[in-house]
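Student: Structure provided below as structure tokens; questions to follow.
The values are calculated or read from the model by the stated rules, or taken from the named source; none is laboratory data. Everything numeric here is computed off the predicted structure, so don't read it as measured data. Glycine gets a Cβ as well: all are built from the backbone with ideal geometry, and neighbour counts include every protein chain shown. Ligands, DNA and RNA are excluded from the accessible area calculation, which covers all protein heavy atoms including side chains. Shrake-Rupley method; radii C 1.70, N 1.55, O 1.52, S 1.80 Å.
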Amino acid sequence: MGGGEGRGRRGRQVSIMDWQPDEQGLQQVLQLLKDSQSPNTATQRIVQDKLKQLNQFPDFNNYLIFVLTRLKSEDEPTRSLSGLILKNNVKAHYQSFPQPVAEFIKQECLNNIGDASSLIRATIGILITTIASKGELQMWPELLPQLCNLLNSEDYNTCEGAFGALQKICEDSAELLDSDALNRPLNVMIPKFLQFFKHCSPKIRSHAIACVNQFIMERAQALMDNIDTFIEHLFALAVDEDPEVRKNVCRALVMLLEVRIDRLIPHMHSIIQYMLQRTQDSDENVALEACEFWLTLAEQPICKEVLSSHLVQLIPILVNGMKYSEIDIILLKGDVEEDEAIPDRKCSAAALDVLANVFRDELLPHLLPLLKGLLFHPEWVIKESGILVLGAIAEGCMQGMVPYLPELIPHLIQCLSDKKALVRSIACWTLSRYAHWVVSQPPDMYLKPLMTELLKRILDSNKRVQEAACSAFATLEEEACTELVPYLSFILDTLVFAFGKYQHKNLLILYDAIGTLADSVGHHLNQPEYIQKLMPPLIQKWNELKDEDKDLFPLLECLSSVATALQSGFLPYCEPVYQRCVTLVQKTLAQAMMYSQHPDQYEAPDKDFMIVALDLLSGLAEGLGCHVEQLVARSNIMTLLFQCMQDTMPEVRQSSFALLGDLTKACFMHVKPCIAEFMPILGTNLNPEFISVCNNATWAIGEICMQMGAEMQPYVQMVLNNLVEIINRPNTPKTLLENTAITIGRLGYVCPQEVAPMLQQFIRPWCTSLRNIRDNEEKDSAFRGICMMIGVNPGGVVQDFIFFCDAVASWVSPKDDLRDMFYKILHGFKDQVGEENWQQFSEQFPPLLKERLAAFYGV
């Protein structure tokens, strides 16, 4: 096979063109291509080995391109396969192709892009863009000019093949094409593409729009310079007979809405009229693209203004799109996953949902007359769509719907036992969207009947209904919280029974429902009869699952909620759960270590195992409190935590710091020996680029302060500057600001001499971020700290004293000794400045602040 390669000097292109395969070699390659189409796995293995061998020959790739472009006697699938194997070779090691081979391949591609077969043209197009994306756009300067030139060909196949290749290049290399690296080819290409919007072939028109569409979101300059021509040409194609063209027109308009709405506004009325038509297009893909238009428009500030007068047409169209078609029903009988099966129906519902949030109750006059007819319709398909509509508008139109709910909710509860499973499942979802209202009414009115029926649906014979009911029940739990306590026994019986009934996918949702129940009722779950019901099936699943099984994640999350709720009630189960979490962390760390040393021999570990295990350990520490001490004593968790806190993955660090804080509260004796090693790591993670990591590190430092007391002194400088910087940063999220303020306060509480000198740098944002939080232990310790720092450095607060007054007034009922501290500071300040100045100063107070300070502190 080695012999036939052209040996001419590189200057003489002819030598490459003259390359001819050796007959025996060609037969070998063809046999390989035939074998590789065999379904037999043994044959496939032989093929893979053979490919490895043949790839040792530099001109093997010449044979592959030869079969693709020249061997017209072979069948198309074989020729195409030859091209796809070549594409994989290009992907894997194009850099090591000998120059003559690379040149031969490039030349053959360009010479044969107009092959009579559309499959071969497409394969050559894929090959071209693969070569181009290997950094070859710069190395193949004639590619774009030649392809653009071929567009002018009289021959349809050549034009279509060239356009297909260009479309793939535009998809793969959009950014590069709009850069100086290639001296801006788009300046030529975009006007060229626009000419083809008027081509007589729909396939060509479609390619042309698809090419230009790649540059809308990039805001490519060459397109922006031609934007008006582009929009005019799009309008000209509005009523094109080809669905693929219409789809690309819709897609272009949706993107322009995001990027250049200024250019669409003058035409908005006719664009909306057009999209109303397309949303009802006979081609499902066109309708789906058009439906995206409403979702995008809803995010624009001008939505209300431009769409109001069209609601009367739009609403019925969207509502109509929410019905199952006959095809949908056939597909659903095969029990396909709902989401993939019916995209256009989902899109209509999503559009109605976002529009309800924009127009609120103004939507209802257009909807209510339709809704009545749908909800009580004898045909189940129509009734089902009405229930979906009702659920879609729940968030946006809640206020306006309230008067109708006393009639509708009982009707929906009745629909939960409809004979059609699809009606039962949608009723679950819609009821969950109104759960907030249901819970706000007397429980016997709606909550009790709804809960009773939903629990029956959790045990439905249909999987889709089980799933919908379980999700709906989790939502109801979140809204109802402790309202559920009287029914706990009944609820647990159902959820435990479902354990035996559910298949894999729905089990995951069941775990969520149990975890949410535990979060919602909290310590009320800690009763022997409830524990007896709930724990055995959970532990049984826990024992069935292997350490490598991803189904552990939702179960670990669920157990974390249960442990936190049961508190001491979880003690009998804690040992095996604790041990396994430590093992999961240890295994993951070991695997990460092996992978970092030998990435070629080992797989990268799935760190989610470690993250979920750390979270469950946090749940145990929080739930069991001091009882976790013996478990920690008998394990190497502190050593593992030291490694996790330095992991490269932010989510691992985030969970590590949460656990560190919980262990600090639960059993500080085991944390204390590690503080000298841990504090520098905590300090370096006070980086607001990773909000959640920073938040948890900040919180953990605050908890450590409270345990260390004055011994915190050597570590203050490691963390203080970062904390002060974060509290002064603009746009810092609220929770991070609050945690930062509390930790600064706690540092000042245990080491006032060290922190007080910086008081002036943080007192103002400190006061504003803590005035809005409720009285609690954390707020208490933070304010004690601030008072002690003011004692050390009263000058630091003088300029911002009004902010301090405001923060003090935010306390509803401070402990007596804290109130005395406030009293002394306020009166000390007043005495210092004198009565007259104080009067002037307190004139600036808002009336409410004045009243509260006078009432509580007599100033």
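Student: What nm value, rounded to one decimal, do you get for the distance between Arg219 and Met669 when each label is placed 7 Å out toward the C-beta?
Tutor: Roughly 6.2 nm, to one decimal.
Student: Given the pairs Lys134/Lys550; Lys323/Lys419; Lys550/Lys587; Lys372/Lys420, which span a C-alpha to C-alpha distance of over 25 angstrom in this model?
Tutor: Over 25 Å apart, Cα to Cα: Lys134/Lys550.
Student: Compute the separation of the alpha-carbon centres of region 639-653 and region 241-273 and state it in Å as a whole number.
Tutor: Using only Cα atoms, the two centres lie 49 Å from each other.
Student: I'm a student and want to see the number: the projected area of the Cα convex hull of region 69-143, averaged over all directions, in nm².
Tutor: Across all orientations, region 69-143 yields a mean hull projection of 4.7 nm².
Student: So if we plug the beta-carbon distance of Phe235 and Asn320 into 1/(1 + (r/R0)^6) with R0 = 35 Å, what FRET efficiency do we get, rounded to 0.05?
Tutor: Step by step, r from the Cβ atoms, then E = 0.85.
Student: Tally Lys and Arg at +1 and Asp and Glu at -1 over the other residues with C-beta under 12 Å from the C-beta of Ala700: what net charge comes out?
Tutor: Within the 12 Å Cβ shell, the charges total +1.
Student: To the nearest 0.05, how large is the calculated FRET efficiency for Ser270 and Leu119 if R₀ is 30 Å and r is the Cβ-Cβ distance?
Tutor: Efficiency computed from Cβ-Cβ geometry: 0.15.
Student: Can you compute the label reach from Asn357? Point 7 Å from Cα along the Cβ direction, backbone N cut-off under 11 Å, restricted to region 394-408.
Tutor: 395-396
Student: Right, next: Averaging the inverse of every distinct alpha carbon separation and then flipping it gives the Kirkwood radius. What is it for region 154-202, in angstrom units?
Tutor: Evaluated on region 154-202, it is 11.9 Å.
Student: Once you have a ≥ b ≥ c as the square roots of the Cα gyration tensor eigenvalues for the chain, tell me rounded if a/c is under 1.5, and otherwise prolate or oblate according to whether a/b is larger than b/c.
Tutor: The shape class here is prolate.
Student: Order these peptides, 647-654, 152-159, by their mean beta-carbon neighbour count within 10 angstrom, highest first.
Tutor: 647-654, 152-159
Student: Could you tally the net charge around Ala710, taking each other residue with its Cβ under 15 Å from the Cβ of Ala710, Lys/Arg +1 and Asp/Glu -1?
Tutor: Within the 15 Å Cβ shell, the charges total +1.
Student: Oh, and also: Can you tell me the relative contact order of region 67-144? Whole percent, Cα pairs under 8 Å, sequence separation 6 or more.
Tutor: 36 percent
Student: Please report, in whole Å³, the volume per residue of the convex hull around the C-alpha atoms of region 230-343.
Tutor: 109 Å³
Student: Now, a different point. Taking 0.36 nm per intervening residue step and subtracting the Cα-Cα distance, what contour gain separates Tyr595 from Met139 on full extension?
Tutor: 160.5 nm
Student: Something else about it: Evaluate 2.2 N^0.38 Å with N set to the residue count of region 473-610, then give the Cα radius of gyration divided by it.
Tutor: 1.19
Student: Would you tally the net charge around Asn157, using a Cβ to Cβ cut-off of less than 13 Å, leaving Asn157 out, and scoring K and R as +1, D and E as -1?
Tutor: The answer is -2.
Student: Another question, then. Note down the relative contact order for the chain as a percent, whole number, built from C-alpha pairs under 8 angstrom at least six residues apart.
Tutor: Result for the chain is 4 percent.
Student: Once you put a point 7 Å from the Cα of Asn111 and another 7 Å from the Cα of Leu295, both along the Cβ direction, what distance in nm separates them?
Tutor: 4.7 nm
Student: Taking the alpha-carbon distance from Lys52 and a cut-off under 19 Å, which lysines remain once sequence neighbours fewer than 8 residues away in the same chain are dropped?
Tutor: Correct list for Lys52: Lys34, Lys87, Lys91.
Student: So, one more: Carbon and sulfur atoms: what percent of the 1.4 Å accessible area of the chain do they account for?
Tutor: 52 percent
Student: Among 782-794, 218-230, how do they line up from the highest to the lowest mean number of other beta-carbon atoms within 10 Å?
Tutor: 782-794, 218-230
Student: Continuing with the same structure: Assuming R0 = 35 Å, what is the FRET efficiency of Leu571 and Arg729, from their Cβ-Cβ distance, to the nearest 0.05?
Tutor: Taking R0 as 35 Å, the efficiency between Leu571 and Arg729 is 0.20.
Student: Let me check against my output: what whole-number percent is the relative contact order of region 705-859, with C-alpha pairs under 8 Å and at least 6 apart?
Tutor: 21 percent
Student: Under 19 Å from a point 7 Å along the Cα-to-Cβ line of Asp155: which residues of region 94-120 have their amide N that close?
Tutor: Those under the cut-off are 105-120.
Student: Residue separation times 0.36 nm, minus the C-alpha to C-alpha distance between Asp817 and Val402: what's the value?
Tutor: 144.6 nm
Student: Note the full-extension length gain between Arg70 and Leu84 as 0.36 nm times their separation in residues minus their Cα-Cα distance, in nm to one decimal.
Tutor: Going from the current span to full extension adds 3.5 nm.
Student: Rounded if a/c is under 1.5, else prolate if a/b is larger than b/c, else oblate: which is region 335-412, with a ≥ b ≥ c the root eigenvalues of its Cα gyration tensor?
Tutor: oblate
Student: For region 685-833, report the translational diffusion coefficient in µm²/s to the nearest whole number, using Stokes-Einstein at 20 °C, 1.002 mPa s, and a Kirkwood Rh over Cα pairs.
Tutor: 141 µm²/s
Student: P(r) tail for region 422-498, what percent of Cα pairs lie past 13 Å?
Tutor: Value for region 422-498 (Cα pairs over 13 Å): 63 percent.
Student: Report the normalised scattering of region 323-474 as log10 I(q)/I(0) at q = 0.12, 0.14, 0.15, 0.19 Å⁻¹, calculated by the Debye formula with identical scatterers on the alpha carbons.
Tutor: -0.48, -0.66, -0.77, -1.25
Student: Here's a follow-up. Would you mind giving the average projected area, over all directions, of the Cα convex hull of region 431-551 in nm² with one decimal?
Tutor: About 7.4 nm², averaged over all directions.
Student: To continue, here is another question. In whole angstrom, how far apart do the alpha carbon centroids of region 702-752 and region 566-619 sit?
Tutor: When both Cα centres are located, 30 Å separates them.
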